[in-house]
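For reference, the structure is listed below as structure tokens.
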Amino acid sequence: MAKIKRYFCLYRVLIKQFFKMLVQSKVDFLMGLFGFFFTQVLGIAFLYLIFDKIPSLNGWTLSQLIFIYGFAQIPRGIDHLFTDNIWLVAWRMVVNGDFDRYMLRPMNVFFQIICEKLQPDAIGELLIGTILIIMSLSKGIVIVDGVHIVMFIVSVIAGAVIYTSVKLFFASLSFWIKRSGPFLQVAYEMADFAKYPVEIYSKPIQFILTFVIPFAFVAYFPASYFLIQKSAFMTVGIECLIAVILSILAYSIFKIGISRYESAGN
């Protein structure tokens, strides 16, 4: 318990230092926030353009698709906000030897990576996701009660863990191949498919999103519990199970990678 308390205190101190640096570049912060917000708005505009010509998409209405879209944005935004620094492991920390500083400190290495910075750009994703969920609720397509609220929170947390686990897994490959950024980029961009029902895609894409890189479980499957009352165990329950399995797998690969880290050569 004392160790957990110590890490919470350290996290608060380190994030405070990050915000001191952030306020020195206010324009960068505002531009990044606006950029992500504008990108999400374009995605929503695309949905409206589709439904201007097509009244439903494989049986899904516009309000339902807006709910799924918003549902996908919230866990992704949480992951983006708290663990964005993992990208640097994939792109340059290992190959440049910057990872050395984490190895020298008497703290958990993964903790050091994620607490080094927050990514304020993620506020745009979280804001858009929240607005879309509220818009969907106003249409009366989702039951709002205590059970559904708890399930929503659980699902969002599990979805964020899935996003982070996928990111950590591919970033950890850099301990073997030195720069795994391109692989992580391709894998993470598959998450864009999670904003829509998986049955609208071809069978190979459905297989990848369900069994290989399971982004279908961060939005579509749990959203179906709220929208069409599918089994909680077969949707949110399986999402939580996948989150646990993926997090254990990703962190195990990360720890093995650390044991193989050799710093930078010349």
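Please pick out the residue among Ile114, Ile128, Ile78, Ile123 that is open to solvent by less than 20 Å² (accessible area, probe 1.4 Å) and either within 19 Å of the chain's Cα centre (by Cα) or under 30 Å from Phe254 (Cα atoms) (or both).
Numbers: Ile114 fails: open to solvent by less than 20 Å² (accessible area, probe 1.4 Å); Ile78 fails: open to solvent by less than 20 Å² (accessible area, probe 1.4 Å); Ile123 fails: open to solvent by less than 20 Å² (accessible area, probe 1.4 Å).
It is Ile128.
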Leu49 passes all but one of the listed conditions (1) at pLDDT below 90; (2) open to solvent by less than 50 Å² (accessible area, probe 1.4 Å); (3) hydrophobic (A, V, I, L, M, F, W, C); the exception is number (2)
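Each row is one residue, and each column tells you yes or no for (1) acidic (Asp, Glu); (2) under 26 Å from Ile4 (Cα atoms).
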site	(1), (2)
Tyr102	no, yes
Gln119	no, yes
Ile123	no, no
Thr130	no, no
Ile133	no, no
Asp145	yes, no
Val150	no, yes
Ile157	no, yes
Ile162	no, yes
Selection over region 185-199 where residues are farther than 16 Å from Leu88 by Cα and loosely packed, with under 15 Cβ neighbours inside 10 Å yields a count of 3
Within region 90-111, residues in a helix (DSSP H, G or I), farther than 14 Å from Lys178 by Cβ and not charged (D, E, K, R) come out as Tyr102, Met103, Leu104, Val109, Phe110, Phe111
Residue pairs qualifying under the 9 Å Cβ cut-off, at least six apart or on distinct chains, with the first in region 139-150 being under 12 Å from Tyr225 (Cβ atoms) and open to solvent by 60 Å² or more (accessible area, probe 1.4 Å) and the second being in a helix (DSSP H, G or I) and not aliphatic (A, V, I, L, M), are Ile143/Phe226
Query raised in the report: Restricting attention to region 176-189, does a residue exist that is under 14 Å from Ala223 (Cβ atoms) and in a helix (DSSP H, G or I)?
Result: no
Filtering region 202-252 down to residues that are closer than 20 Å to Phe67 by Cβ, open to solvent by 40 Å² or more (accessible area, probe 1.4 Å) and either touching a Cys at 6+ places or on another chain (Cβ under 7 Å) or not in a helix (DSSP H, G or I) (or both) yields Gln229, Lys230, Ser231
Per the list (1) at pLDDT 70 or above; (2) in contact with a helix residue (DSSP H, G or I) (Cβ under 8 Å, 6 or more places away or on another chain); (3) polar (S, T, N, Q), residue check on Thr39 breaks on (1)
Screening Phe175, Phe211, Phe215, Phe221 for residues that are at pLDDT below 95 and farther than 30 Å from Ile113 by Cα leaves only Phe221
For region 66-89, pairs from a residue that is in a loop (DSSP other than H, G, I, E, B) to a residue that is among the small types (Gly, Ala, Ser), with Cβ under 9 Å and 6 or more apart or across chains, are Asp84/Ala122
When region 151-177 is checked residue by residue, the ones that are within 22 Å of Glu262 (Cα to Cα) and exposed (fewer than 14 other Cβ atoms within 10 Å of the Cβ) are Trp176, Ile177
Residue pairs qualifying under the 9 Å Cβ cut-off, at least six apart or on distinct chains, with the first in region 107-122 being over 10 Å from Leu81 (Cβ atoms) and the second being of a type in the set (Lys, Arg) and at pLDDT 90 or above, are Val109/Lys255; Phe110/Lys255
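The values are calculated or read from the model by the stated rules, or taken from the named source; none is laboratory data. All figures in this text were calculated on a predicted structure; none of them were measured in a lab. No Cβ is skipped: glycine too gets one built from the backbone with ideal geometry, and neighbour counts run over all protein chains shown. Calculation scope for accessible area: heavy atoms of the full protein, side chains included, ligands and nucleic acids excluded. Shrake-Rupley method; radii C 1.70, N 1.55, O 1.52, S 1.80 Å.
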